[in-house]
Amino acid sequence: MSDTPIPAKPSPSPGDATAPFWAACAEGRLRLRACTACGARFTPTRAACGCGCTRLEWVEASGRGTVFSYTVVHRAPDPAFRAELPYVIAIVALEDGGRLMSNVIGCAADAVRIGLPVRAVYETVGEGVGVPKFTPA
Amino acid sequence: MTQSMYGRIAIAGVGEAAISTTQVRTAQDLAVEAGLAAMADAGVSPREVDGVITASPAGDPHFMFSTLVAEALNIPARVNMAIQAAGASPGMGVLYAARAIAAGDAHTVLVCESDSRGAKFKGDKIQAMRAARPWTDDWEDPFGLTVPGKYALVAQRWMHRFGGRPEDLAAVAVAARQHAMRQPHAPRKDPLTVDKVLGSAMIASPLHALDCCPVADWGGAVLVTTVERARDLRPPVVRLLGAGEGHSPYHLADIDDLPPAATRQSAQAAFGIAGVKPSDIDTAQVFDAFTIAALIAMEDLGFCEPGAGGALFAGGDTALGGSIPTNTTGGMLTWGNAHVIVLPEAVRQVRGDAGINQVAGAELALAHGIGGPMALAVTMILGK
């Protein structure tokens, strides 16, 4: 049809606290934050643990998990996503702790269910910045 | 510790701005018009008001919005702030106004919420809303998450947990429409059926177009003051008998469980303070930007068992004459995303002044706001 370029999708703008997460994704690895006091694990949206500890360390995660909830999106927020409609957004519960908002790719949208086992795959979206996506395990 | 403010705070005036579907009006103009209406309803002039609390309009954002509104209205404010609590902002505004009044920092506070999203947003409203937002969220935007998508994730989890069906959600839209159909000026008032909801375009599964409120302009305001002062103003005095807030994390993925605990937290506080139980409430006005939000809110407020929200709406309990007439205006599902809509209606119901959809003998009304895909909640119980 026309050769209007598809605009770029929004990509993360890592800050000091989250850069190691996105950098690991660019290398095909998933990292979580872990509390050095109680061992709780979470995604890097947290900078302190509920136990009161503020000393968090990075730990490697397997990238495996299950679909906690999902939706098949038929109306995109931005023209960058229009070519992929309909696409699946899911909250993935990681087996190593914490949950991530992401997409489930590599399968039909109607194959996604709550509880579906998934594993992380990674897309590099910028210099040292990757994002985790998930595909049926 | 001072005596509890509850029972000593009143809502003395309510008002709305006139909405145009064609003319673009600014959020400021809409707030000013609603504010003037609320002050006129109470019978006070701007110089008799000493506080302004507004929401932060997302479709028409402006730095220091509450200061703009106070300036335009010439209100000599001693208390003035703009709240960022999305759909919970109007209710939070009432709570902070009450706190300021109880602390002696102000005596009469205008709380308003307005936004310009209707005539201003051309074409695809979901894209227009995204384009109006000045920030990118690293944890959600790279994946193409939308506002309906957030509520859809909550809905999918609710259906999974309770064996719910899209028909349960559709029942909320049908119930809202029945209240709307009785009002000649309602923007959505053609007859609606469950099949029609399920046949409307899929937006983000399981939410169809008719599970979502229209994107619109709005302006609404309430005037908060002391019961003592309210006695000299427009009768009857409507008192804030109890209220509570609930807070969950911003990111849906970070919330421990879905639905979030925010509404259960705010409801427990409000009912405890007011010393009443859900069965004592005569009418409920709850946030319904999406059907699933009102459905879960009714469960979490205690009007039915968890999982029974669809049956509550489908079975006529929320209709006039039902056990808990709900969203008697037709709600946001009818009028557009005017979060504030719950407040003036709850006040009018208690006054006995709600017109064609008045709940006969209503003495206690509950108003419930929700913000940020159910992460924030504010519950208020009003009575004479």
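The values are calculated or read from the model by the stated rules, or taken from the named source; none is laboratory data. Since the model is a prediction, treat every value here as computed from it, not as a measurement. When we count neighbours, we look across all protein chains shown, and the Cβ atoms used for this are built from the backbone with ideal geometry, even at glycine.
A few points about this structure:
- Hey, B:K196 in the same structural domain as B:A338 (by TED's automatic domain parsing) and at pLDDT below 95 or not: no
- Output for region B:47-92, where each listed residue is surrounded by 18 or more Cβ atoms within 10 Å (Cβ to Cβ), in a helix (DSSP H, G or I) and either among the basic types (K, R) or without any contact (Cβ under 8 Å) to a residue 60 or more places away in the chain (or both): B:F65, B:S66, B:L68, B:V69, B:A70, B:L73
- Residue match in region B:10-17 (condition: over 11 Å from B:S114 (Cα atoms), at pLDDT 95 or above and surrounded by fewer than 20 Cβ atoms within 10 Å (Cβ to Cβ)): no
- Meets criteria (more than 14 Å from chain A (Cβ to nearest Cβ) and not in a helix (DSSP H, G or I)) for B:K189: yes
- Members of region B:274-301 found to be surrounded by fewer than 17 Cβ atoms within 10 Å (Cβ to Cβ) and either in a loop (DSSP other than H, G, I, E, B) or β-branched (V, I, T) (or both), listed by number: B:G275, B:K277
- The residues listed here are A:A76, A:A48; of these, the one that is free of Cβ contacts under 8 Å to residues at least 40 places away in the same chain, crowded, with 20+ Cβ neighbours inside 10 Å and of a type in the set (A, V, I, L, M, F, W, C) is A:A76.
- Hits in region A:78-96 (condition: in contact with a Phe, Trp or Tyr (Cβ under 9 Å, 6 or more places away or on another chain) and farther than 12 Å from A:R64 by Cβ): A:F81, A:Y87, A:V88, A:I89, A:A90, A:I91
- Unmet requirement for B:E228, which otherwise passes all of (1) under 23 Å from the mean Cα position of the chain (by Cα); (2) surrounded by fewer than 17 Cβ atoms within 10 Å (Cβ to Cβ); (3) in a helix (DSSP H, G or I): (1)
- Checked against the criteria, B:V350 counts as part of a helix (DSSP H, G or I), in contact with a strand residue (DSSP E or B) (Cβ under 9 Å, 6 or more places away or on another chain) and modelled with pLDDT of 95 or more.
- Yes/no for B:L210 being within 14 Å of chain A (Cβ to nearest Cβ), modelled with pLDDT of 95 or more and not in a strand (DSSP E or B): yes
- Yes/no for B:P249 being buried (at least 18 other Cβ atoms within 10 Å of the Cβ), within 30 Å of B:D137 (Cα to Cα) and not assigned by TED's automatic domain parsing to the domain that holds B:G13: no
- Condition check for A:E123: more than 13 Å from chain B (Cβ to nearest Cβ) and modelled with pLDDT of 95 or more: no
- Test: residue in region B:134-147 that is more than 9 Å from chain A (Cβ to nearest Cβ) and either closer than 30 Å to B:R25 by Cβ or assigned to a loop (DSSP other than H, G, I, E, B) (or both): yes
- Residue selected from region B:158-185 under the condition crowded, with 22+ Cβ neighbours inside 10 Å and charged (D, E, K, R), by the criterion nearest to B:G330 (Cα to Cα): B:R177
- Residue ID - nearest to B:K125 (Cα to Cα), chosen from residues in region A:27-85 that are among the acidic types (D, E) and not in a strand (DSSP E or B): A:D78
- The lone exception for B:D141 - which of (1) of a type in the set (D, E, K, R); (2) within 30 Å of B:G43 (Cα to Cα); (3) without any contact (Cβ under 8 Å) to a residue 24 or more places away in the chain it fails: (2)
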